[in-house]
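Read the structure below first, then the notes.
The values are calculated or read from the model by the stated rules, or taken from the named source; none is laboratory data. Since the model is a prediction, treat every value here as computed from it, not as a measurement. Heads up, the Cβs are rebuilt from the backbone with ideal geometry, glycines too, and the neighbour counts pull from every protein chain shown.
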Amino acid sequence: MHLSRAFVRKAKWLTAMTGTRPWWESAVIYQVYPRSFQDSDGNGVGDLNGITERLPYFVELGVDAIWISPVFRSPMMDFGYDISDYIDIDPVFGNMADFDRLVAKSHAHGIRVILDFVPNHSSDQHPWFIESRSSRASLKRDWYIWGDPAPAGGPPNNWLSEFGGSAWEFDEASGQYYYHAFLKSQPDLNWRNPEVVEAMRDVLRFWMRKGVDGFRVDVIWHLIKDAALRDNPPNPNYQRGKPPNEALIPLYTTDLPEVHDVIAILCRTVDEFSNRLLIGEIYLPVERLIAYYGRDLGGVHLPFNFALLGVRWDAKCIQALIAEYEGALPKGGWPNWVLGNHDRPRIASRVGKGQAAVAAMLLLTLRGTPTIYYGDELGMRQVDIPGDRVRDPFERNVPGIGVGRDGCRTPMQWDASENAGFSKVDPWLPMAGDWRSDNVANLREDATSIWNLHHRLLRLRKKVPALSIGSYRPRFVDEDLLVYFRELDDTTLLLVLNLTSQAQILSFEPAIRGKVLVSTGADRDGERVADSITLRGDEGLVIEL
Amino acid sequence: MSTNEKSEHSPATSDEAWWRSAVVYEIPAISFQDSDGDGQGDLPGLLQRIDYLKWLGIGAVWLTPIYRSPNQDFGYDIADFCSVDPRAGTLEDFDKVVKALHNAGIRLILDLVPNHTSDQHAWFRQSCVSRNNPKADWYVWAEAGANGGPPNNWLSRFGGSGWEWCEARRQFYYHSFLPSQPDLNWRNPEVREAIGDTMRFWLDRGVDGFRVDASAVLIKDDLLRDNPRDPEADDKTPPPQVYIPVFTDDRPEAMECIEYIRGVLDRYEGKLLCGEVQGKIDRIGHFYGSSKPRLHLPLNFALLDTEWNAISLQATIDAYLNAVPNGAWPNFVIGGHDKHRVASKIGQAQMRILAMLQMTIRGTPFLFAGDEIGSEQVPIPPDRVQDSFEKLVKGFDLGRDPERAPLRWDDTDRGGFTCGEPWLPMSPDRSRNIMAQQRDERSLLNLYRELIALRRRLA
């Protein structure tokens, strides 16, 4: 059955594979947070037409696909992750014609479009939930997770919301509780109900017929909850000051074995169309993460690998995590790497400006599909948000312990004009303090900037397939350096990254014959390397052997 | 060819999944009962103590290796998989043990050690000779590294490189444990078949299953990739553990080997396959298997490895039970020949609580001989150390002799274990012995016995 055929775009590049490899194995993905990328209509919030305007930017930078965080109709209690209509565009972002134009123009620019798919929960304003809530006898009652009060009153069990408090909300009218893993305005859909599964498959098909090239699936490891609603056990390692939901181990609310069955169905749905990518958002340790490739690779194509988001930034830790990840991959499973996203503190703030360049070189030279978070190519930093400008419901519900995500969602810094070229009016979140200097227009002119480092590395990736699809072989050294080879056919590249701010010397015994292709400081290109090399602090080199 | 016949001595209750309701009792023959005064327990000694096992009420005995062995590693270095070591007795003695246990309604599980042999095994002797003999590819051989040293950085669990040079072949062989324990090459189908044959040899003699030794390490990375250093390692880390065994432990391909072993076993009826696995709860499900069955019971040491308080136990038990796949059966092990005695960790008073927890929780309980009387770690003077691990990696409390000391049956000098000099010192705590606790109605032993009986009655 190929419903897709009539709808598949004719453009040649789209169906072209890289040899027999799926396109995403050699692609670089760029995450666009649409509220903060480009405002085209002067309301201080970014929109679809803004993204369309900026399409040449993606081409110039050298990325292959954009993943756009949710743009669907939503009351915006959780900035689009609370969807009230899965197959419509929210007016704040534009309309369906704007969307169609964005897809068509993206494809004309050779840029693929990946949408955010949010299947775990809808908005409480979604007609499905309104109907489900209307009565216990409603035909859609079982589309959500309803539970009777505990025998002694109160919620059905001890499950907690990620955003604080009980995950159960009482519905006076029908006398039952509904489950919400996140906000109470985000009721969880019941993925044990085949009708829900079918409805969501239709959502995927709707967008694929419009030509989208794939989906990033929000909180995919949450989809199935324990059918018996068993209490989660207390977490013996919980400490005060941590997010309150961490007081319990989410044993019966996340990563249940049955989740792989519904993911396999989603994967098959996506495979009804050709060349579509399915990415899963999964925060789990590597042993559990890799299960999401599915039995016989029937799961998501890329289970997001967030290991770099939380690692202690030194060579030994990073070396170990790369080896553990590479070692755990199932046969045929393609790796991927992420340095930042709309939920986590900016990399430049986490490791400092000097190391941000080294981190960029790491991201773009490891084996696996990289995803760049918008603004990281400028070294954008986590922005302190004054109390009266906080917008994130997580920070509002659980204030003061640093869980707020507004700081990594501030507007893109395009140029030195008013509001950094993002908007003609005051943006929805404050700008970072450094936008007058650290913006695309300025950094593009500075050959040594982090923007130009991204630019050069992305070009090199396109030119040298060893960087995208070549093998990865580490060389463990005693120094605080990351050293690894990327090899394909006759090409061998040597990567040497200094994870410290002090100069370090690496010796080669026997001597090598190499030439620097890219250096983080942009001042050593062409340098010959033989028996040793000195790296300055915060320096990384791509060396061709 | 294997036979599908059931042993004529099968215990009466021979339902397929008998192990769900049985208590399994691990016996290291060398420390259980000596019959000939050489200070080492043996099969005739075990035969004398079957009444005790029946009195206690256990459903199965797991016997640690009794095969011919130079005994460099507690018998886990086997020179002939299909014979009995003369120190333990004869094949005839073995047959008597099987019959007597079955008559007492107790099943017998043997240790299966498929990962490696002794370097004295005929297979290895032949494999060593040249690069092109019929057994040349039966072990893990590799060329020297670039500088003439070992092929990569893999370490032996017992310290030092995991690679040993063989001059005759001018190649290295890999040993996960001692250099005298070369690893078999499980990528070679002939090796699988040979191990299958040894399984059939014992199954045909009436044994009721196997405990698979080191099942997680059967296959090593075929690219021989270096293991990464553990960033958390410091001076207190035993040297063999400074690397994370990414490419030597728990490789995805190891699962096929376990499936093969299970396939051999499943040609017989009512046999149990349990096994030593990678310890992470997150990995348990893989060892049970999904489309193809693997182990009936991947041994679960979570009760031993958890901090002893209610909240930690609750979290661990819940996490474990949840990780056991639907339709699969859990198990709880509280001791073993590689684990410090639990009584030394939680104290005698809490041992009674542990007994009640272990015997009332859902899952097959595994006891290590002596746990039922609260045996503690026995201090071993340096000149009496037997364990190679302690000799090779000193000072990290890794030695396993303290939990392997002979079982104390009474309060005499030699504890009723032997009339000679015991191979390891007897526990100095003479009052903690089986006879005394049999007499004392309120003893830990009698609590265990009552709980086991209750468990049988209310299965």
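Elements of the type strands (runs of 3 or more DSSP E) sitting completely within segment A:61-167 and holding at least 3 residues that are of a type in the set (A, V, I, L, M, F, W, C) and buried (at least 21 other Cβ atoms within 10 Å of the Cβ): these cover A:65-68, A:112-117. Every condition in (1) surrounded by 15 or more Cβ atoms within 10 Å (Cβ to Cβ); (2) of a type in the set (S, T, N, Q); (3) under 28 Å from A:G327 (Cβ atoms) is met by A:S507 except one, and the failing one is (1).
Just one of the numbered conditions (1) more than 25 Å from B:L218 (Cα to Cα); (2) away from chain A (no Cβ under 11 Å); (3) among the polar types (S, T, N, Q) is not true of B:T316: (2).
Within 14 Å of chain B (Cβ to nearest Cβ), surrounded by 16 or more Cβ atoms within 10 Å (Cβ to Cβ) and assigned to a loop (DSSP other than H, G, I, E, B): is that true of A:P250 in this structure? Yes; evaluated as a whole, the condition is true for this residue. Would you confirm whether or not segment B:258-272 contains a residue that is at positive phi and within 14 Å of another protein chain (Cβ to nearest Cβ)? Among the residues of segment B:258-272, not one is at positive phi and within 14 Å of another protein chain (Cβ to nearest Cβ), which makes the answer no.
For every residue, the table says whether it meets (1) acidic (D, E); (2) closer than 18 Å to B:N152 by Cβ.
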| site | (1), (2) |
| --- | --- |
| B:V191 | no, no |
| B:A194 | no, no |
| B:D208 | yes, no |
| B:R211 | no, no |
| B:A214 | no, no |
| B:L223 | no, yes |
| B:D226 | yes, yes |
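Residues that are among the aromatic types (F, W, Y), in a loop (DSSP other than H, G, I, E, B) and closer than 22 Å to A:R475 by Cα within segment B:145-171 comprise just one, B:W154.
B:G395 meets all of the listed conditions (1) closer than 30 Å to B:L155 by Cβ; (2) surrounded by 14 or more Cβ atoms within 10 Å (Cβ to Cβ); (3) free of Cβ contacts under 8 Å to residues at least 60 places away in the same chain; (4) small (G, A, S) but one, namely (2). Filtering segment A:270-324 to residues that are β-branched (V, I, T) and more than 16 Å from A:E258 (Cα to Cα) leaves A:V270, A:I279, A:V286, A:V311, A:I318, A:I322. The single condition among (1) under 24 Å from A:L493 (Cβ atoms); (2) assigned to a helix (DSSP H, G or I); (3) more than 14 Å from chain B (Cβ to nearest Cβ); (4) touching an Asp or Glu at 6+ places or on another chain (Cβ under 9 Å) that A:A323 does not satisfy is (3). Under 22 Å from B:R455 (Cα atoms) and modelled with pLDDT of 95 or more, is that true of B:I346? Taking the combined requirement at face value, the residue does not satisfy it. The residue that is surrounded by the fewest Cβ atoms within 10 Å (Cβ to Cβ), among those in segment A:272-295 that are among the small types (G, A, S) and part of a loop (DSSP other than H, G, I, E, B), is A:S274. Of the residues examined, A:Q31 is one that is at pLDDT 95 or above and within 21 Å of A:L366 (Cα to Cα). Residue count for segment B:294-312 under the criterion of being of a type in the set (A, V, I, L, M) and either within 18 Å of B:A17 (Cβ to Cβ) or at the interface with chain A (Cβ under 9 Å from one of its Cβ atoms) (or both): the result is 4. Of a type in the set (G, A, S) and not in a loop (DSSP other than H, G, I, E, B), is that true of B:G105? So B:G105 fails the test. For segment A:237-247, filtered to residues that are surrounded by fewer than 20 Cβ atoms within 10 Å (Cβ to Cβ) and either touching a helix residue (DSSP H, G or I) at 6+ places or on another chain (Cβ under 6 Å) or touching a residue at least 12 places away in the same chain (Cβ under 8 Å) (or both), the residue that is nearest to the other protein chains (Cβ to nearest Cβ) is A:Y238.
Of note, B:Y288 does not satisfy the criterion of being farther than 23 Å from A:Q319 by Cβ and over 19 Å from the mean Cα position of the chain (by Cα). May I ask you to verify whether B:S291 is among the small types (G, A, S), within 14 Å of chain A (Cβ to nearest Cβ) and either over 26 Å from B:D111 (Cα atoms) or in a loop (DSSP other than H, G, I, E, B) (or both)? Here the answer is yes, as B:S291 does meet what is asked. When restricted to residues that are without any contact (Cβ under 8 Å) to a residue 24 or more places away in the chain and touching a Phe, Trp or Tyr at 6+ places or on another chain (Cβ under 8 Å), segment B:339-354 contains 0. When the residues of segment B:441-452 are filtered to those that are within 17 Å of B:D371 (Cβ to Cβ) and of a type outside the set (S, T, N, Q), the one that is surrounded by the most Cβ atoms within 10 Å (Cβ to Cβ) is B:Y448. Out of A:W207, A:W221, one residue alone is over 20 Å from A:G147 (Cα atoms), crowded, with 20+ Cβ neighbours inside 10 Å and away from every other protein chain (no Cβ under 14 Å). It is A:W207. Whether any residue in segment A:299-307 is part of a helix (DSSP H, G or I) and either within 30 Å of A:M361 (Cβ to Cβ) or within 11 Å of another protein chain (Cβ to nearest Cβ) (or both) is what I want to check. Yes; the residues of segment A:299-307 include at least one that is part of a helix (DSSP H, G or I) and either within 30 Å of A:M361 (Cβ to Cβ) or within 11 Å of another protein chain (Cβ to nearest Cβ) (or both). Do we find that B:I281 is among the β-branched types (V, I, T), under 30 Å from B:G395 (Cα atoms), within 14 Å of chain A (Cβ to nearest Cβ) and without any contact (Cβ under 8 Å) to a residue 40 or more places away in the chain in this structure? For B:I281, the condition - among the β-branched types (V, I, T), under 30 Å from B:G395 (Cα atoms), within 14 Å of chain A (Cβ to nearest Cβ) and without any contact (Cβ under 8 Å) to a residue 40 or more places away in the chain - is not met. When A:P257, A:P234, A:P285 are screened for being in contact with a strand residue (DSSP E or B) (Cβ under 8 Å, 6 or more places away or on another chain), within 14 Å of chain B (Cβ to nearest Cβ) and free of Cβ contacts under 8 Å to residues at least 40 places away in the same chain, only A:P234 passes.
You will find that of A:L453, A:L457, A:L362, the residue that is among the aliphatic types (A, V, I, L, M), surrounded by fewer than 23 Cβ atoms within 10 Å (Cβ to Cβ) and in a helix (DSSP H, G or I) is A:L362 and no other.
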